[in-house]
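Only one structure is covered here, and it is reproduced in the block below.
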Amino acid sequence: MEEVNVYCGRPTELMPFNSPLGNPFKMESDADKDAERQRVIELYRGLLWQDIKNKRDNGVTSERLAMLLKIVDWLKQDKTVNLYCSCSPKPCHCDTIKSCLEYLHNQELSYANE
């Protein structure tokens, strides 16, 4: 089975490019890192939902949603998709991306219809 690796993070020394799936919300506080991490993950979840809503209501596809729909197409072709980010193994927006991909896989949105 073919594997596809998808980087979902911000630029780093090893990955010096910005992924369209990167979380634009940065952790602001060192006081409670777990709570702050959860806050930015929830903000990202809202961003993904807004992207889906914009596609459904207005036909507008963000670069982020286009990438998600491309990944859904790979999954439909029985490709194994590995998401990774520098946050791992801590809770990460990649978990939200995985849930979103499962949702999109069962919906009628299609990258091919772009």
Quiz item: Looking only at residues in region 99-111 that are among the aliphatic types (A, V, I, L, M) and in a helix (DSSP H, G or I), which one is farthest from the chain's Cα centre (by Cα)?
Solution: LEU104
Quiz item: From CYS94, CYS100, CYS87, which residue is surrounded by 17 or more Cβ atoms within 10 Å (Cβ to Cβ), touching a residue at least 24 places away in the same chain (Cβ under 8 Å) and more than 20 Å from ASP51 (Cα to Cα)?
Solution: CYS87
Quiz item: Looking at LYS53, LYS33, LYS79, which is the one that is surrounded by 13 or more Cβ atoms within 10 Å (Cβ to Cβ) and either free of Cβ contacts under 8 Å to residues at least 24 places away in the same chain or farther than 15 Å from CYS100 by Cβ (or both)?
Solution: LYS79
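Taking region 16-45 only, how many residues are assigned to a helix (DSSP H, G or I) and farther than 16 Å from CYS94 by Cβ?
Residues flagged as assigned to a helix (DSSP H, G or I) and farther than 16 Å from CYS94 by Cβ within region 16-45 amount to 5.
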Exercise. Look at PRO24 and say whether it is in contact (Cβ under 8 Å) with a residue 24 or more places away in the chain and over 27 Å from MET1 (Cα atoms).
Key: no
Quiz prompt | Residues that are assigned to a strand (DSSP E or B), under 15 Å from the mean Cα position of the chain (by Cα) and not hydrophobic (A, V, I, L, M, F, W, C), drawn from region 74-98 | solution = ASN82, TYR84
Exercise. Check ILE71 against each of (1) assigned to a helix (DSSP H, G or I); (2) among the β-branched types (Val, Ile, Thr); (3) more than 23 Å from GLU3 (Cα to Cα); (4) out of contact with any Ser or Thr (no Cβ under 8 Å at 6 or more places or on another chain) and name the one condition it does not meet.
Key: (3)
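Every number here is computed from the coordinates shown, using simple stated rules; none is lab data. Keep in mind it's a predicted model, so treat the numbers as computed, not measured. For neighbour counting, all protein chains shown are included, and Cβ atoms are generated from backbone atoms with ideal geometry for every residue, glycine included.
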